[in-house]
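Colleague: Handing you this structure, nothing more for now.
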Amino acid sequence: MNAAPREIPKPVGLLAELTHRCPLGCPYCSNPLALEPRANELDTEAWLEVFSQAAALGVLHVHLSGGEPAARSDLAQIVAHCANVGLYTNLITSGIGLTEARIQDLAVLGLDHVQLSIQDTDESSADRIAGYEGAFTRKLEVARWVTDAGLPLTLNAVIHRANISRASAMVRLAVELGARRVEIAHAQYYGWGILNRDALMPSAEEAEAAIAEVEALRAETKNVLVIDHVIPDYHARYPKACMGGWGKRGLNITPSGRALPCHAAETIPGLEFWNVADHSLAEIWESSPAFNAFRGFDWMREPCRSCERKTIDYGGCRCQALALAGDAREADPVCHLSPHHAAVAEQAALSARGAETNPHPAYAYRRMRQHAEAE
Ligand code: SF4
Ligand code: FES
């Protein structure tokens, strides 16, 4: 008997990695280690077609990201087009490369929201983490320009060993800067993050203290700020529903047009990714092998297969299962029911141990150059 055709929900969001070029070198960047050179980037016309198709497919919001999206000289054209086709348009930026005039222009053209990354509240530490002198001061200016232009601002702070003692200060900084939302997200270990894991991992005690401090600020800030708090995976009992479920809510488009179910999907061997140059977004969403690889529950192994939480977390993150358990079909080892869970806690403790002897270890900064040298 044939199985009934599976109903595939329409995607809600699209993350457009317009470019991998970026002036900063953050050591936890989720971009792949093999960064796309500029020559491979989709041109303006191709990106506009992606956004038209996304709107027709039912996508509601688009996130213009990178790398640094302001590195694209056609950013204004892209924003205007997204607004014209009815997409809620969010710019995810380091702020470097934006000017006051450029932000005002984007606001007039229909930009809806800005997410600005902030590396620390301590200036020298912030610049060291970003690998860019003067970044912190510039970001404070950019935050003011964004709110002066009448755009809602979210501050994005990735938390790790070097800034974890100032996690709650990031929340206070967000209030001072007039942000409406702050994302306090403990570092995720994919891409450059896993390369720098030993330099980034805080101890379990540091993580617990930071989580408690941030949570304690919720009541105080509830009338002015929304706090989105992504707690550290390696110290959790259950995994997150990564991407809201594989191929369920959104898609990522790489600078060269490959459509991915999540930003780290290319780390999973054997997946076939389709490119927007060869297929429509609708075809990709419904029929591409990569998007269908982990939809539904048939691919699951035990303990997920018979677990009642599988409809809540979908077995966690496929990329983390690959990275930590060696197979993307395993339960995310962050889950305490996974046979690999103990190894995760051991890895976290091992990575954090470096803090005792070397609190400021050198980072492998995310640099385009490394890709060029590898070619
Ligand atoms: Fe989620 Fe699988 Fe753990 Fe159940 S066993 S909680 S489905 S990761
Ligand atoms: Fe790929 Fe979680 S990052 S599924």
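The values are calculated or read from the model by the stated rules, or taken from the named source; none is laboratory data. Quick caveat: nothing in here was measured; it's all calculated off a predicted structure. Positions of Cβ are backbone-derived with ideal geometry, glycine not excepted, and every protein chain shown enters the neighbour counts. Accessible surface is based on the protein model in full, side chains and every heavy atom, while ligands, DNA and RNA are left aside. Shrake-Rupley method; radii C 1.70, N 1.55, O 1.52, S 1.80 Å.
Colleague: Somewhere in segment 75-90, is a residue touching a helix residue (DSSP H, G or I) at 6+ places or on another chain (Cβ under 8 Å), of a type in the set (Ser, Thr, Tyr) and either part of a loop (DSSP other than H, G, I, E, B) or crowded, with 21+ Cβ neighbours inside 10 Å (or both)?
Modeller: There is at least one residue in segment 75-90 that is touching a helix residue (DSSP H, G or I) at 6+ places or on another chain (Cβ under 8 Å), of a type in the set (Ser, Thr, Tyr) and either part of a loop (DSSP other than H, G, I, E, B) or crowded, with 21+ Cβ neighbours inside 10 Å (or both).
Colleague: Anything in segment 320-349 that is aliphatic (A, V, I, L, M), surrounded by fewer than 18 Cβ atoms within 10 Å (Cβ to Cβ) and touching a residue at least 40 places away in the same chain (Cβ under 8 Å)? List them, or say none.
Modeller: Within segment 320-349, Ala345, Ala349 qualify.
Conditions tested, residue by residue: (1) modelled with pLDDT under 95; (2) part of a helix (DSSP H, G or I); (3) over 24 Å from Gly191 (Cα atoms).
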| residue | (1), (2), (3) |
| --- | --- |
| Leu251 | no, no, no |
| Pro255 | no, no, no |
| Leu271 | no, no, no |
| Ala277 | no, no, yes |
| Glu286 | no, yes, yes |
| Pro303 | no, no, yes |
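Colleague: Then there's this: Just to be sure, is Thr221 among the hydroxyl-bearing types (Ser, Thr, Tyr), surrounded by fewer than 20 Cβ atoms within 10 Å (Cβ to Cβ) and either at pLDDT 90 or above or touching a helix residue (DSSP H, G or I) at 6+ places or on another chain (Cβ under 7 Å) (or both)? Can you show your working first?
Modeller: Values: among the hydroxyl-bearing types (Ser, Thr, Tyr): yes; surrounded by fewer than 20 Cβ atoms within 10 Å (Cβ to Cβ): yes; either at pLDDT 90 or above or touching a helix residue (DSSP H, G or I) at 6+ places or on another chain (Cβ under 7 Å) (or both): yes.
Spelling it out, Thr221 is indeed among the hydroxyl-bearing types (Ser, Thr, Tyr), surrounded by fewer than 20 Cβ atoms within 10 Å (Cβ to Cβ) and either at pLDDT 90 or above or touching a helix residue (DSSP H, G or I) at 6+ places or on another chain (Cβ under 7 Å) (or both).
Colleague: Could you give every pair whose Cβ atoms fall below 6 Å, whose first residue belongs to segment 108-127 and is open to solvent by 40 Å² or more (accessible area, probe 1.4 Å) and hydrophobic (A, V, I, L, M, F, W, C), and whose second residue is part of a helix (DSSP H, G or I) and at pLDDT 95 or above, counting only separations of at least 6 or pairs across chains?
Modeller: Note: pairs meeting the criteria are Leu109/Ala76; Leu109/Val79; Leu109/Ala80.
Colleague: Then there is this: Out of all the residues in segment 244-252, is one or more more than 16 Å from ligand 2 (Cβ to nearest atom) and open to solvent by 40 Å² or more (accessible area, probe 1.4 Å)?
Modeller: Among the residues of segment 244-252, not one is more than 16 Å from ligand 2 (Cβ to nearest atom) and open to solvent by 40 Å² or more (accessible area, probe 1.4 Å), which makes the answer no.
Colleague: Can you pull out every residue in segment 275-294 that is within 21 Å of the chain's Cα centre (by Cα), more than 16 Å from ligand 1 (Cβ to nearest atom), surrounded by 20 or more Cβ atoms within 10 Å (Cβ to Cβ) and farther than 13 Å from Ala54 by Cα?
Modeller: Selection gives Ala290, Phe291.
Colleague: Of the conditions (1) open to solvent by 30 Å² or more (accessible area, probe 1.4 Å); (2) closer than 23 Å to Ala34 by Cα, His229 fails just one. Which one is it?
Modeller: Going through the list (1) open to solvent by 30 Å² or more (accessible area, probe 1.4 Å); (2) closer than 23 Å to Ala34 by Cα, His229 breaks only (2).
Colleague: Something else about it: Residue check: is Asp327 among the acidic types (Asp, Glu), at negative phi and either within 14 Å of ligand 2 (Cβ to nearest atom) or touching an Asp or Glu at 6+ places or on another chain (Cβ under 9 Å) (or both)? Walk me through how you get there before you give the answer.
Modeller: On the way: among the acidic types (Asp, Glu): yes; at negative phi: yes; either within 14 Å of ligand 2 (Cβ to nearest atom) or touching an Asp or Glu at 6+ places or on another chain (Cβ under 9 Å) (or both): yes.
When the stated conditions are applied, Asp327 passes them.
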